[in-house]
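Readers should treat all values here as calculations from the given coordinates under stated rules, not as data from a laboratory. Computed from a predicted structure; not experimentally measured. Cβ: placed from backbone, ideal geometry, glycine included. Neighbour counts: every protein chain shown.
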């Protein structure tokens, strides 16, 4: 599929992310269709001109006319959807996804996929604390990272096609990582942070404390509003890497606790200085973008 | 001291918080003086019209003309400063502070203080990831909480005077808590969150990961830029309550870890639902302000 206007993009799964892709691509001039098992989501998207066509069934006509297909489904069901419906795929197309973990899904998909269609994985690192197509918003892609995640099976052409898609959608940063690198990174910067936010929000019973919070508590718990079905699936599918990061965090937190209990101010200040240095470097990196 | 223009406010300690108080009070028309051991800070504040008068010594004239004194020093040195200089205090004045913990400082101060001067404690829950008078900014008080923290020794008049000061400074929320309630709350919503942010920032050695972070990591580590001297002192002075909150958090985090390791999706989703409910209630509370 060339990235020229009126190419036909089919989005499978019309939630927050699928809807945000639809809005971005339709604004760029693409013909956007969608399939979602919820007829309400499809009707909402049609009524609000978020898509040009849609169906709550794997509709043969919609699938066979698509120049590309973007899977915005829960990770566990993509391979099966492909197995059931790939006979309708146009030969030679490139397809992609938006899944938050890669190792547990990419190889399965490439395994079941027809030889004349190429799947290139991608992770748009954007989101909101709300779900559903009615909350979709392409502005979440700005200032955000888009990671292309190829395997040995992918062609250079497909990798470049996918990088270009990320830039078209409006992501400010497009990178390429292997599935293993991606999943290790995501375990630390995303999954671990969500585990921390949930634990912080639920570890204390006095809800009245919210009346007194400063910015720090507000920031650390913003992502404590969480889609429990999606994140539970993502956590389990990346279990080994996530547990490793959780253990590293627990060790570090226990060390800080030890410093406080024993009033070891030198060791505690050294950690705080390291933390401050790293966060400063991080701010510098962001401001370069 | 009446809150009328040209009353004289002396600020002792001219860092980020002292400077922000000075800016807010001077804009309201007060005569603002400051004492700070750094002559550079005092000169900067004079040069930039942040204060009307200043000294790097406990100057008798500045102290004795003050209608109120606001202590913006590190918590451990306030009582001693008062002991050394209270002979200059005008009789009958009310004085206050900005300290982030209360039990370990308030009683000591009230113990050493002259009988004809009243100390009423307050905690402005505002800050920045930068320190020093040159980074002071009264806008940090907007949307923030100001807690008045009286003991049995305080008069109703002083409590109301202090609540009024919080409102004058621009805080959107003014509350009253006992020292014990305050310190328990602050251990959870502020100190624990800072321990978490530092641990998250330092538990992984791959600094290149910062290139891939999404909003969640950025939010959770914003406060990882930390003034190590001030926070170490605050942590140690509230040690028992902070360790209690750290242990509650570790227990909760370990439970989440257990759910992931054993793929107990029901227990994990229940925690996520509780977390989501609480964060929603919290957003509702904030939007009422």
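Springs between Cα atoms under 10 Å define the GNM used for chain B, and in it the highest mean-square fluctuation of B:240, B:215, B:180 occurs at B:215. Counting only alpha carbon atoms, the long axis of helix B:193-202 and the longest principal axis of chain B meet at about 60°.
Look at where the Cα atoms of segment A:140-163 and of segment A:39-58 average out, and the two centres are 27 Å apart. Pairs of alpha carbons in segment B:182-288 separated by more than 18 Å make up 64% of all such pairs.
Taking the longest Cα principal axis of chain A as reference, the axis of helix A:228-237 is set at about 90 degrees. Taking 0.692 mPa s as the viscosity and 37 °C as the temperature, the Stokes-Einstein diffusion coefficient of segment B:94-139 based on its alpha-carbon Kirkwood radius rounds to 263 µm²/s.
Normalised by the number of residues in chain B, the mean separation of alpha-carbon contacts (under 8 Å, six or more apart) gives a relative contact order of 15 percent. Rounded if a/c is under 1.5, else prolate if a/b is larger than b/c, else oblate: which is segment A:16-94, with a ≥ b ≥ c the root eigenvalues of its Cα gyration tensor? Prolate is the answer for segment A:16-94, as a/c is 1.5 or above and a/b outweighs b/c. Taking other C-beta atoms within 10 Å as the exposure proxy, A:195, A:162, B:203 rank B:203, A:162, A:195 from fewest upward.
Here segment B:116-211 is treated as a Stokes sphere of Kirkwood radius computed over C-alpha pairs; at 37 °C and 0.692 mPa s its diffusion coefficient rounds to 209 µm²/s.
Considering helices alone, the calculated mean residue ellipticity of the protein assembly as shown at 222 nm is -15000 deg cm²/dmol, with DSSP H runs of length four and up weighted by -39500 (n - 2.57) and normalised per residue. In terms of surrounding Cβ atoms within a 10 Å radius of their Cβ, A:200, A:220, B:130 rank from fewest to most as B:130, A:200, A:220.
Between B:97, B:183, B:264, the Gaussian network model of chain B with springs among Cα atoms under 10 angstrom shows the greatest mean-square fluctuation at B:264. Each distinct pair of alpha carbons in segment A:8-177 adds a 1/r term; the inverse of their mean, the Kirkwood radius, is 15.7 Å. Each other copy holds its own label point for residue B:128; taking that point as 7 Å from Cα along Cα to Cβ, the gaps run 3.1 nm, nearest first. Relative to the dominant Cα principal axis of chain A, helix A:239-261 is inclined by about 20°. Copy-to-copy label distances for residue B:155, where each label lies 7 Å from Cα along Cα-to-Cβ, are 8.6 nm in order of increasing length. Calculated translational diffusion coefficient of chain A (20 °C, 1.002 mPa s; Stokes-Einstein with Kirkwood radius over alpha-carbon pairs) equals 104 µm²/s.
In the P(r) worked out for the protein assembly as shown, what percent of Cα pairs fall beyond 48 Å? Looking at the protein assembly as shown, the distances longer than 48 Å represent 24 percent of pairs. Remark: label point of residue A:114 defined 7 Å out from Cα along the Cα-Cβ vector; separations to the same position in other copies 9.2 nm, ascending. Using the beta-carbon distance between residue A:160 and residue A:180 and R0 = 25 Å, what value does 1/(1 + (r/R0)^6) give for FRET efficiency, to the nearest 0.05? The calculated FRET efficiency here is 0.70. Computed over chain A with a Gaussian network model linking Cα atoms closer than 10 Å, the most mobile of A:95, A:196, A:186 is A:196. Shown here is the pair-distance distribution of segment A:186-248: with all Cα-Cα distances grouped in 5 Å bins from zero up to the longest one, the shares run 4, 17, 25, 23, 14, 10, 5, 1 percent.
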